[in-house]
Structures are given as structure tokens and as C-alpha cells.
Protein chains: 2
Amino acid sequence: MQFDGTHLLADLFGCSGLDDMARIDRALRDAVEAARATLLDIRLHGFGPGAGVTGVALLAESHISIHTWPERDYAAIDIFLCGRRHDLDAALSALATILAADRVEQQRITRGYALASPATA
Amino acid sequence: MQFDGTHLLADLFGCSGLDDMARIDRALRDAVEAARATLLDIRLHGFGPGAGVTGVALLAESHISIHTWPERDYAAIDIFLCGRRHDLDAALSALATILAADRVEQQRITRGYALASPATA
């Protein structure tokens, strides 16, 4: 793994299909591909019809996670990728598109062993 | 799931055993128990002897992830728990203890659908 990484935390509002396991699976896979990251494994857990889904894509470069609250049309995402060659914007855009988000808020945090102290970017 | 959540990002320095899958597995399980969270699944991937481990504990209340760089004695952790009854400090302490970290830096970010805009706590 490389020198440092960016941890992107995104909150997606006004989403659709947040209880749909197949849609969440597709959103994660499309995000991994868009980021040009290397997928190791995807794990999903659904809490039942109309209820949330929790899922993680394990990557060679760290992970992408999603947790959904369909009753609020809200999804919490984090995208943690090591190295600078990956496209976090494309990954987030893929997730937001498939989940039909109408508003996205994000924060980026630079992390890694090279940093004396983690800094919010 | 509940109303809001706290996302704790922690960087652990000076750690030991970061290529040891069994130790990482135990660290995650102890952290989940310390947090009083509900474990759904643990997934670990090792990159080989002397190399890093990536792992995620999927929880009913979101997740705990760890990515390790044994060549730098460094581990990046995130602990995302929904609801206020969980003990993030105890979870982080469990991880830091088992990995013998000599320095921990952390940031906490409040997230959730109740927030007009995510705020750094």
C-alpha cells in the first residue's frame, strides 16, 4: 500500500431504493470500478423489507462502506482509498447516481503514517 | 437504526502485530464487545507475511474497519456507530491495547439524517 490516503465521508439525502440489496450491491461495484480500485470482497446485510442495508466493499486500497435509512431516504457513505491515483469523485458520483440522491454533503480527511497529525482537507 | 451517529477516525502509531490476522480479528471482536455493539460479520484480508491486513466488522449499528501497514507500525481505524448508547472510547481503547499502540490520534464527526450539514465535533 502507498504513502497516504484520503477518507471521504459523504451523506446522501433524498435517495431511492435504499432497502434494495441488489441496487446497493450494484452501487458499490460501480463505485469501486469508477474509483479504479481493486475489489477483494463485498459484504451486505439487509434488515428486511423497507428497512436499511449495511454494506462494505473491501478493497486492496482500503474500503467503501454504505449504511442506509430508507425511511429517511438517507445513506451514509465512506470511501477510504490509499494512494493518489484513485478517483474518489467518480466513486461518489457513481453511488449518488445509482441511489438517485438529490443532495450530497461530503468531507475529506487526509490520513496516513506520513502525517504527524491527521488534517481535515 | 437510530437518529444520528458518530464516526470516529483514529490513527494508531507504534503498533505491534499488524500482519497477524488472529490478532487483528481479536482486536476487532474486543472492540465490538467494548462498544456494546452487535456483530453481524467480520471479514479480514491479509496481504501476506510482513504485509498489511484489511478488515471490517459489520455491525447492526454500522461498522468498525482497520487497515494496517506493519512496515510503518501504523494502523488506520474507523469506528462508525449509530445511536448514543455505544462506547466509542472503549472500542478505540480495546484496539489500541491489543495492537500495543504508543500514540493514538483521533477525530470525531457527527453524521446522520437529522443534520442539515455534517459537522466536525
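Can you list the trypsin sites (Lys or Arg not before Pro) in region B:48-121 that are in a DSSP coil and have 14 or fewer other beta carbons within 10 angstrom?
Values: sites: B:Arg72, B:Arg84, B:Arg85, B:Arg103, B:Arg108, B:Arg111; in loops: B:Arg84, B:Arg85.
Sites meeting the loop and neighbour criteria: B:Arg84, B:Arg85.
Please give the solvent-accessible surface of B:Ile98 in Å², to the nearest 10, using a probe radius of 1.4 Å with every protein chain present.
Accessible area, nearest 10 Å²: 20 Å².
Treat each spin label as a single point 7 Å out from the Cα along the C-beta direction, and report the B:Ala100 to B:Leu40 distance in nm.
Result for the modelled spin labels: 3.5 nm.
Please report the accessible area of B:Ser16 (heavy atoms, 1.4 Å probe, ligands and nucleic acids excluded) in Å², nearest 10.
For B:Ser16, solvent-accessible area is about 50 Å².
For chain A, what's the relative contact order in percent, using C-alpha pairs closer than 8 Å and at least 6 residues apart? Don't skip to the answer; put the middle values down first.
On the way: 293 pairs, mean separation 47.8, N = 121.
Value for chain A: 40 percent.
Where does chain B land on Rg(C-alpha)/(2.2 N^0.38 Å)? All intermediate terms of the calculation are to be shown ahead of the outcome.
Values: Rg = 14.0 Å, N = 121, 2.2 N^0.38 = 13.6 Å.
So chain B has a normalised radius of gyration of 1.03.
Residue by residue through A:58-65, how many Cβ atoms from other chains fall within 10 Å of the Cβ on average? Could the numbers behind the result be given before it?
Values: counts 8, 3, 4, 2, 7, 9, 0, 7.
Per residue, the number of nearby Cβ atoms from other chains is 5 on average.
Expressed as a fraction of 2.2 N^0.38 Å, the rule-of-thumb size for a compact globular protein of N residues, what is the C-alpha radius of gyration of the protein assembly as shown?
After normalising by residue count via 2.2 N^0.38 Å, the value is 0.92.
Within the set of other residues whose C-beta is less than 15 Å from the C-beta of A:Thr6, count the net charge using Lys and Arg as +1 and Asp and Glu as -1. Please list the in-between numbers first.
On the way: positive: A:Arg36, A:Arg84, A:Arg85, A:Arg108, A:Arg111; negative: A:Asp4, A:Glu61, A:Asp78, A:Asp87, A:Asp89, B:Asp11, B:Asp78.
Spelling it out: positives minus negatives among the neighbours equals -2.
The values are calculated or read from the model by the stated rules, or taken from the named source; none is laboratory data. Treat the numbers as computed from the prediction; the structure is a model and nothing was measured. Neighbour counts run over all protein chains shown; Cβ positions are idealised from the backbone, glycine included. What goes into the accessible areas is simple: the full protein's heavy atoms, side chains included, and nothing from ligands, DNA or RNA. Shrake-Rupley method; radii C 1.70, N 1.55, O 1.52, S 1.80 Å.
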